[in-house]
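Trainee: First the structure, then my questions, so here it is.
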């Protein structure tokens, strides 16, 4: 039995025939299988778990930005709606269906990307080992952040990136590829406005590389622009509260949690990105002219880096597109370097080793998740399918725990972050007391929503976070909240996380 590892996808002839011929398509399938098994090991992401709750509530008749407090635009949650709808239709858990749909999306994105490059001069590089590398970056690297909006944004954008590369190379673009690229770029930018930097930098680089300003006005760019405008008009028409309620809250409170640029530059995510760019440049350093595809992908990586710094939170998943697109550029540079006449083999091997280390570092960085097993075990003992209310600004304590227990999330928001952001900003000197007093209305509105949710659906279990803040003393000092908490008794205190249950509820 012979084993033939070729560099071909369907349509390519393997290097030699054997009883068992392994092509990159087989390797891509193997990568997907490994990634699917990884989903069974890693915990479900906290934010996606919350968005599934949001989607379920919307389907049950609640209104986004009125009955549900969320700072992201509607598209950010709409991407998970299909998973909930299909799960309800077939009677499966939304988490399983959502993961399955994301894998289908990745497969479709890779297929469309390769299809766009099929009849170009880049066909062999796109359809060989790079396809396996791309599958690995899209399915394995996200780790705990698999399915996050940033992950989906890059997955959706890849067919458009392929078209931008063709534009930069002055190659023919099929009408179907233009349409798909426009749809993909628009979807990415509609998920979060910040992603305009990622798509925009690719377009600008393609025009500069082609030395043709008309690339800026290519059909796919018009399609994307029109769809983005339509999406914005739909938000104005159907979600006016996003501008009247959410935008002022984001402007006045949410942005106070932004980190300084110097702090962001020292994060591990930023370090990974810098190393990726260095490795890619090293792989291209001996070439007389930098590869066009590498340039476009590096430009997109830079654009997503700007979105990372503009969002200014330093969260790992915010960095995924810039790191992943940088890794894709490095992988393409490795493929392009095979046919370079001049170059140092030692330098090339060192750069490839650095890329491998960055890959491992990225997997570790994007696998950071909290361990809430002990909290979940104690909540489980309070009874089946509990209704849970949490007094905390930490969103990763209650999620995905509430869904894993088959429980009900009582609050209208993922976590009580408004009071905490104002409190910490005052403590750290970001705002003064006068500014805190001006923001007191937002804090009072959050408190009023908490009390309304409490009364509307009295919880079975209350989780109070005294580890990261003073939620226990804050609630005790509030006469209304203190009265609402009086029927509850302490069950367990786990490193400052206090768990309470109703006194009339038997303990399991």
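Trainee: Looking only at the stretch 425-439, which residues are under 19 Å from residue 471 (Cα atoms) and free of Cβ contacts under 8 Å to residues at least 12 places away in the same chain?
Mentor: Of everything in the stretch 425-439, those that are under 19 Å from residue 471 (Cα atoms) and free of Cβ contacts under 8 Å to residues at least 12 places away in the same chain turn out to be 426, 427, 428.
Trainee: In the stretch 207-231, how many are part of a helix (DSSP H, G or I) and closer than 14 Å to residue 170 by Cβ? Spell out how you get there, then give the answer.
Mentor: Of the residues in the stretch 207-231, the ones part of a helix (DSSP H, G or I) are 207-210, 213-217, 219-231.
Within this subset, residues satisfying the condition of being closer than 14 Å to residue 170 by Cβ are 207-210, 213-215.
Residues that pass the stated criteria total 7.
Trainee: Considering only the stretch 241-281, how many residues are in a loop (DSSP other than H, G, I, E, B) and under 23 Å from residue 415 (Cα atoms)?
Mentor: As a first pass, look at the stretch 241-281 and keep what is in a loop (DSSP other than H, G, I, E, B): 253, 258-260, 266-267.
Imposing the further condition that a residue be under 23 Å from residue 415 (Cα atoms) reduces the set to 253, 258-259.
The number of residues fulfilling the criteria is 3.
Trainee: Scan the stretch 199-220 residue by residue and report those that are surrounded by 14 or more Cβ atoms within 10 Å (Cβ to Cβ) and either touching a strand residue (DSSP E or B) at 6+ places or on another chain (Cβ under 8 Å) or more than 14 Å from residue 163 (Cα to Cα) (or both).
Mentor: 208, 212
Trainee: Output the strands (runs of 3 or more DSSP E) that fall wholly within the stretch 400-505 and possess 3 or more residues being closer than 27 Å to residue 64 by Cβ and within 30 Å of the chain's Cα centre (by Cα), or say none.
Mentor: Values: elements: 461-465, 488-494, 497-502.
By residue number, 461-465.
Trainee: Cβ contacts < 7 Å: first residue more than 18 Å from residue 151 (Cα to Cα), restricted to the stretch 192-213; second residue surrounded by fewer than 18 Cβ atoms within 10 Å (Cβ to Cβ), any location; separation 6+ or different chain. Result?
Mentor: 203/216; 207/213; 207/216; 210/170
Trainee: Would the stretch 120-129 turn up any residue that is out of contact with any helix residue (DSSP H, G or I) (no Cβ under 8 Å at 6 or more places or on another chain), modelled with pLDDT under 95 and either under 19 Å from residue 330 (Cβ atoms) or not assigned by TED's automatic domain parsing to the domain that holds residue 75 (or both)? Spell out how you get there, then give the answer.
Mentor: So the first thing to find is which residues in the stretch 120-129 are out of contact with any helix residue (DSSP H, G or I) (no Cβ under 8 Å at 6 or more places or on another chain), and the list is 121, 124.
Of the ones still in play, those that are also modelled with pLDDT under 95 are 121, 124.
Applying the additional criterion that residues be either under 19 Å from residue 330 (Cβ atoms) or not assigned by TED's automatic domain parsing to the domain that holds residue 75 (or both) yields 124.
Within the stretch 120-129, one or more residues are out of contact with any helix residue (DSSP H, G or I) (no Cβ under 8 Å at 6 or more places or on another chain), modelled with pLDDT under 95 and either under 19 Å from residue 330 (Cβ atoms) or not assigned by TED's automatic domain parsing to the domain that holds residue 75 (or both).
Rundown of residues vs (1) in contact with a helix residue (DSSP H, G or I) (Cβ under 8 Å, 6 or more places away or on another chain); (2) modelled with pLDDT under 95, yes/no style:
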site	(1), (2)
30	no, no
40	no, yes
59	yes, no
65	yes, no
79	yes, yes
89	no, no
99	yes, no
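Trainee: Could you go through the stretch 347-355 and let me know if any residue there is surrounded by 21 or more Cβ atoms within 10 Å (Cβ to Cβ), in the same structural domain as residue 40 (by TED's automatic domain parsing) and within 24 Å of the chain's Cα centre (by Cα).
Mentor: Yes: one or more hits.
Trainee: Give 132, 137 a once-over and let me know the one that is out of contact with any strand residue (DSSP E or B) (no Cβ under 6 Å at 6 or more places or on another chain), assigned by TED's automatic domain parsing to the domain that holds residue 41, assigned to a helix (DSSP H, G or I) and at pLDDT below 95. Working first, answer last.
Mentor: On the way: 137 fails: at pLDDT below 95.
It is 132.
Trainee: While we're on this one: Could you please let me know if residue 368 is assigned to a loop (DSSP other than H, G, I, E, B) and either free of Cβ contacts under 8 Å to residues at least 24 places away in the same chain or surrounded by fewer than 16 Cβ atoms within 10 Å (Cβ to Cβ) (or both)? Walk me through how you get there before you give the answer.
Mentor: On the way: assigned to a loop (DSSP other than H, G, I, E, B): yes; either free of Cβ contacts under 8 Å to residues at least 24 places away in the same chain or surrounded by fewer than 16 Cβ atoms within 10 Å (Cβ to Cβ) (or both): yes.
Taking the combined requirement at face value, the residue satisfies it.
Trainee: Next up: Take residue 110 and decide whether it is outside any loop (DSSP other than H, G, I, E, B) and under 26 Å from residue 335 (Cα atoms). First the steps, then the outcome.
Mentor: Working: outside any loop (DSSP other than H, G, I, E, B): yes; under 26 Å from residue 335 (Cα atoms): yes.
Yes.
Trainee: Is one or more of the residues making up the stretch 122-130 surrounded by fewer than 23 Cβ atoms within 10 Å (Cβ to Cβ), free of Cβ contacts under 8 Å to residues at least 12 places away in the same chain and over 20 Å from residue 273 (Cα atoms)?
Mentor: Yes, there is a match, as at least one residue in the stretch 122-130 is surrounded by fewer than 23 Cβ atoms within 10 Å (Cβ to Cβ), free of Cβ contacts under 8 Å to residues at least 12 places away in the same chain and over 20 Å from residue 273 (Cα atoms).
The values are calculated or read from the model by the stated rules, or taken from the named source; none is laboratory data. What you see is a predicted model, and the numbers here were worked out from it, not measured in a lab. Note that each Cβ is placed from the backbone with ideal geometry, even for glycine, and that neighbours are counted across all protein chains shown.
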